[in-house]
Every structure is written in C-alpha cells, then in structure tokens.
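Q: My questions all concern the structure below.
The values are calculated or read from the model by the stated rules, or taken from the named source; none is laboratory data. What you see is a predicted model, and the numbers here were worked out from it, not measured in a lab. As a convention, Cβ positions derive from the backbone with ideal geometry for all residues, glycine included, and neighbour counts pool all protein chains shown.
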Amino acid sequence: MPLAGRPLNVAILAVPEVTASALFGMLDRFASAGRDRSLLLGVAGEQRMHPYVAAPEPAGFTAANGIWVRPDLGLTDALAPDIVCVPDFFVVPDQPLGNRLSNEVAWLRRFRRCAAGRSRAARRAPACARPGWASR
C-alpha cells in the first residue's frame, strides 16, 4: 500500500517483557489507518501512519510467552517519532523493576522533551529530531 505524503511515524516500544498480542496488535492497528476502510470500498487507500517497533536490542529477543521479536530499529536508530506507544508488558506484581527499563525510560524522556510545548506540526518537523533519531 502507498504511504501518505507524510505519514506519522509511530514508534512502538518493545521490551523483553512485552506481550506479542499487544505489540503486534498495535503494529497492525496503526498500519491499517487510512488504508483498510478504503479497501472495504474497493479502493486502495493511503497508509497514514508508519508504525515501527523500536527496542533497546535491535538484533531481536524472546519476549513474554516465548515469542521472538525482531525490532525494526534500535532505540538509538529510531526515526523521529510523532507518536510513541508503550504496549502493556508482563511483570510480576509487587516486584520492583529496579533499573531494568532505564534505557527505555531515558528514550521516552527524550521524546517527551522534544514534544513538550510544540504544536503537532512542529513535533513532526525534522528540527525536533534528537541525536540518534533519523528523519523520514
């Protein structure tokens, strides 16, 4: 399917504790935006979002329930996101996380600082990209 002129970059954060249904369900949902309704009418629609899986381990990892996840990009390679999604992930209730997600939290904070106080159009501009975030 063709991508719209400037589709929104949607980063979906994947960690080893992520559940496959949440991760791949989000990927599928965002990929279908702008495309699937038109297909129901018999016309190929433009994909309005460019979802990708970003993870601290770009080579891949085994996620919750033994599912293999091969991210599209590492956190330092990720496209400048317009939207960041954190799917639910499995952790033992009442067990402290410690520093297990410190790289992911730092990445999310970079995005938050980038987006804070800017209009949607400004957040989509390449000037919002941080080191390690490529513009698409």
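Q: If a residue must be farther than 11 Å from Tyr52 by Cα and within 10 Å of the chain's Cα centre (by Cα), how many such residues does region 81-101 contain?
A: Residues flagged as farther than 11 Å from Tyr52 by Cα and within 10 Å of the chain's Cα centre (by Cα) within region 81-101 amount to 3.
Q: Over 28 Å from Ser21 (Cα atoms), loosely packed, with under 13 Cβ neighbours inside 10 Å, of a type in the set (Lys, Arg) and at pLDDT below 85: is that true of Arg113 in this structure?
A: Yes, satisfied.
Q: What pairs come up if the first residue lies in region 74-102 and is closer than 11 Å to Leu13 by Cα, the second is in a loop (DSSP other than H, G, I, E, B) and at pLDDT below 85, and their beta carbons are under 7 Å apart, counting only those six or more places apart or on different chains?
A: Listed pairs, sorted by first residue: Ala78/Trp133.
Q: Tell me which residues, restricted to region 61-71, are closer than 10 Å to Ala14 by Cα and out of contact with any helix residue (DSSP H, G or I) (no Cβ under 8 Å at 6 or more places or on another chain).
A: Looking only at region 61-71, we keep the residues that are closer than 10 Å to Ala14 by Cα, and these are 61, 63, 69-71.
Phe61, Arg70, Pro71, listed by residue number.
Q: Which residue is nearest to Val86 (Cα to Cα), if the candidates are limited to region 30-52 and must be in contact (Cβ under 8 Å) with a residue 12 or more places away in the chain and loosely packed, with under 15 Cβ neighbours inside 10 Å?
A: Glu46
Q: Are any residues in region 1-29 within 19 Å of Val84 (Cβ to Cβ), among the small types (Gly, Ala, Ser) and either crowded, with 21+ Cβ neighbours inside 10 Å or modelled with pLDDT under 85 (or both), and if so, which ones?
A: Selection gives Ala11, Ala14.
Q: Sticking with this one: Just give me the residues in region 27-60 being touching a Lys or Arg at 6+ places or on another chain (Cβ under 7 Å) and over 20 Å from Leu8 (Cβ atoms), in sequence order.
A: Residue satisfying the conditions is Gly60 alone.
Q: Exactly one condition in (1) of a type outside the set (S, T, N, Q); (2) over 27 Å from Arg113 (Cβ atoms); (3) over 16 Å from the mean Cα position of the chain (by Cα) is not met by Arg6; state its number.
A: Result: Arg6 passes all but (2).
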